[in-house]
Each structure stands twice: as C-alpha cells, then as structure tokens.
Amino acid sequence: MISVAEARNRIQAHSQPLDPIILPIEQAVGHVLVDDLLSQIDIPSFRQSSMDGYAIRWEERNESLRVQDELPAGSFQQLQLDPGATIKVFTGGPIPEFADTVVQKEWVALDDDMIRIQTEKLEIGMHIRMPGSEIAQQTLALPAGTLITASMVGFIASMGFGAIKVYRKPSMAIVITGNELVAPGNPLLPGQVYESNSYALTALLKEQGVERVSVFYAKDHLEETAFRLEEALSNHDMVLLTGGVSVGDYDFVVQACQQVGVEQVFHRVAQKPGKPIFFGVLEEKLVFGLPGNPASVMSCFRQYVLPAIQMMSGKSLDEPVMGKLKHSYEKQSNLCFFLKGRVENGIVSILGGQASYQQNSFVKANCWIELDAHQQRFEQFSMVKLHPFH
C-alpha cells in the first residue's frame, strides 16, 4: 500500500488541464479562464449621467437656466450646451459638450422652460461618470485562471465579449459492476441491493458542473467488465468504476484494466474507508477503480477524483480547513481515517454510522474528517483536517 499523500501526488502528476474551448459567456460559468481578459473598451465609453436631472455649467449654478433640449439614454445626438441653458439628461445617457455637472431633478424648481437650482449640496462634476472610470480599454479585467461565476457574466458582457476561451471540463463515464445490484423502483429478490453509487456520483459530478456523464453497467465477469471499460474509455476523459476492485473471486476491475491497456499507477492506499482503490492511465485518460461500498465511493471521490477533475478543468485545488474535535477519538490501526463529520462554528463532531456500507450519516454530515495515519489517539479539541462537502 502507498500513503494518502503519495496517492494524491501520483494522481496530480497525471492530471493536466484539458484543451481550451470557446464558450458563449452564459455557458462559461463554472469554467476557468485560459488567458488574461483585457477590456475591449472604456467603461463607460462616453461621459455618462448617473442621475435623471439637468446638465449645467458649474459657474451658472446660481442662475435661472433655459431648458435647451434633452438627451435620453441611447441617444446618438452630440449636443453642445449653450450659455445660460441646461439640457435634460437621464440615467445612463450622454452628457452634452460644455456641461460639467448634473443636478438631480429633485433639486430643481421647474417653471415652464426655465429651471432654478434649489440646493446647496451641489458639487462640481457631480453625477457624471467619466470615460474609463470603471475600467479603461486594454486594461486587465480578469486574470488567467479565474473561475467564472454568474456574478462576473454581466461585467464580461459589458466589455463586449460574447464568448471567451476557457478550459474544457472532463467528460465522465461511470461503470457500475456487480451481480447483486437492482435499479431503485424495482422489487428486490433475496440477496439483492439497490444500486446507489451511480446516483451519488452523478450528483457529485453535477455539483462540479460536469455535464457530460455516461453510466454503464457490468456483471461480475471479466470479459463484460473489460468490454464496458473499453466502451467507456473510447469517448470519455475519465472513467470511474465501482465495485470489483479488491482481490476476491469475483473482483475483475484490475484485470479488466490490464486487459484493455490501462497502466496501473497504484492499487491500494493506507486509508479507511477505500483501501482497495485503483488508479491507472491510458494515454491522457484517467481510470479510477473505487470500492463498491457507498461511503468508500464518496470518500474516494472527495479525496482523489475531485482533485483530478479540478486540475483537468484548470481549477485550483480545494484546501482542507482546520477544526477542533468535539470529543476525543481513538483508532486501532495505522491507516489514515476519513470520517463523516459535522462542523459547526469550528467544532467538529464525529458522527455515528461510519461503516463503509452506511449512508444514513450523510444526512447530517457536512465534511470529511481526516485523521493522520501515524496517530492513534486524538484528544478532545485536537486540531484536525476537514474537507467540507461544499
């Protein structure tokens, strides 16, 4: 067996960003920007009013002013403000030439086509947005490596970009192995269990914004497992197999990987749950053989599959946070433990139902607790690593 740290390092060594693609900005959310994004224009690109009001010359603020014209938002007119006059302007609209201040309409008394300013709050330049005051043309808007969020899309659009270059997310295949599995909604016969791993993994991938996910099923038979694996590899960047990864009489995943040409990087990690995990590569494609028990699948996904997805997508890796154990804990082996926990205000509780087949504790869990392999006893309020679910 290798250590958890060594397993992580080997996976990262084989996880490279995928080829860039051009996506419409509304589809780029959750993707990582490949190159620096420089603004194509000044924003605003013209002198712009930030209020509905009247554009004036500052030195004429104490005079009665004639309403010369108006400039609504979207107007193409290029008006010049006459001496002794004002031009009505609107939020987002242009400012006429020779005007240097906007008076909001609430501060103005209007009498026919004349106005008089009725405030002492006015300042020169008030309510005028200058060109480039948000961002200037050809200056950095978003650096390469930025994860595009929904809140950024409007800003990107305002600079004139309809599409941007981002890293592609991996396409994923899930191969579920096992003779005993039955799809939910069907009756169970003696010795059968409902298949849940494909649902859990698909949901986890959806949380990561991975949209292209295919699911395959294989009985515990070498040739069928190899066939499904080869089929999955033919059109996907990463394959996750569940079950059949240990050394039992009906465990064929490792043999199937060898049969289709997958190069083994490691098999078995000094951890609990998920000790039999397999990782291999076929050219640039990654293959994970995950133990079949649901908690093992969830734990191995968080510790190994998720970082690989993040690196292939150009993302930064999630870092663990630290928390204090609510109660002391003692483990009986020199394995790294991943325990379902619930952290609140920096204090983490180890939940019940830690067996690798048990999923009920996921209802309350919001993190994985990582306990070092070389330490057996953890006192109350010990600092431990936490891997939040979200």
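Derivation of every value follows stated rules applied to the coordinates shown; laboratory data play no part. Given the structure is predicted, the values throughout are model-derived calculations rather than measurements. Cβ sites come from the backbone with ideal geometry, for glycine too, and all protein chains shown count toward neighbours.
Points to keep in mind about this one:
- Too-long pairs where the Cα-Cα distance tops 20 Å, listed order kept, from LYS326/LYS385; LYS206/LYS385; LYS272/LYS331; LYS272/LYS340: LYS206/LYS385
- Scoring 110-121, 172-183 by mean Cβ neighbours within 10 Å over their residues and listing the highest first yields 172-183, 110-121.
- Translational D in µm²/s for the stretch 321-388 (Stokes-Einstein at 10 °C, 1.306 mPa s, Kirkwood Rh from C-alpha pairs): 134 µm²/s
- Calculated FRET efficiency for the pair ARG268/SER328, C-beta based, R₀ 25 Å, to 0.05: 0.25
- DSSP beta bridges in the stretch 48-129 [antiparallel fraction, %, rounded to 5]: 75 percent
- Dividing the summed helix terms, -39500 (n - 2.57) for each DSSP H run of n ≥ 4, by the number of residues in the chain produces a 222 nm estimate of -4500 deg cm²/dmol to the nearest 500.
- Taking a straight line from the alpha carbon of LYS88, these aspartates and glutamates sit under 12 Å away, with near neighbours fewer than eight places off in the same chain left out: ASP52, ASP69, GLU70, ASP113.
- Distance between the C-alpha centres of the stretch 163-177 and the stretch 65-114: 54 Å, rounded to the whole angstrom.
- 3J(HN,Hα) along the stretch 380-385: 3, 6, 4, 7, 10, 6 Hz, from the Karplus curve 6.51 cos²θ - 1.76 cosθ + 1.60 with θ = phi - 60°, whole Hz, x for Gly and Pro.
- Degrees between helix 4-13 axis and first principal axis of the chain (Cα, 0 to 90, nearest 10): 60 degrees
- Peptide ranges 185-193, 334-342, 211-219 listed from the most packed, as the mean C-beta count within 10 angstrom indicates: 334-342, 211-219, 185-193
- 3J(HN,Hα) along the stretch 234-242, derived from phi through the Karplus expression 6.51 cos²θ - 1.76 cosθ + 1.60 where θ = phi - 60°, amounts to 5, 9, 9, 7, 9, 10, 10, 9, 10 Hz, with x in place of Gly and Pro.
- Residues TRP58, TRP368, ranked from the fewest to the most other C-beta atoms within 10 Å, line up as TRP58, TRP368.
- Considering only GLN104, GLY93, ILE11, the residue lying farthest towards the positive end of the dipole of the stretch 1-107 is ILE11, judged by Cα position with unit charges set on Cβ.
- Förster radius 56 Å - calculated FRET efficiency between ASP36 and SER196, Cβ distance, rounded to 0.05: 0.80
- The chain: angle of helix 197-207 to the longest principal axis, Cα-based, in degrees nearest 10: 20 degrees
- Candidate aspartates and glutamates for bridging to LYS219, where Cα separation is under 12 Å - those fewer than 8 sequence places away on the same chain excluded: GLU180, ASP251
- Mean Cβ count within 10 Å, highest first, over the residues of peptides 276-286, 316-326: 276-286, 316-326
- 3J(HN,Hα) along the stretch 350-366: 7, 7, x, x, 8, 4, 5, 8, 8, 10, 4, 6, 5, 4, 9, 5, 10 Hz, from the Karplus curve 6.51 cos²θ - 1.76 cosθ + 1.60 with θ = phi - 60°, whole Hz, x for Gly and Pro.
- Sequence-distant residues sharing a close amide H with ILE174 (under 5 Å, placed H): SER214, VAL215, PHE216, LEU240
- Antiparallel DSSP beta bridges within the chain, as percent of all bridges there, nearest 5: 65 percent
- The angle between the Cα long axis of helix 222-233 and the longest principal axis of the Cα atoms of the chain comes to about 10 degrees, rounded to the nearest 10.
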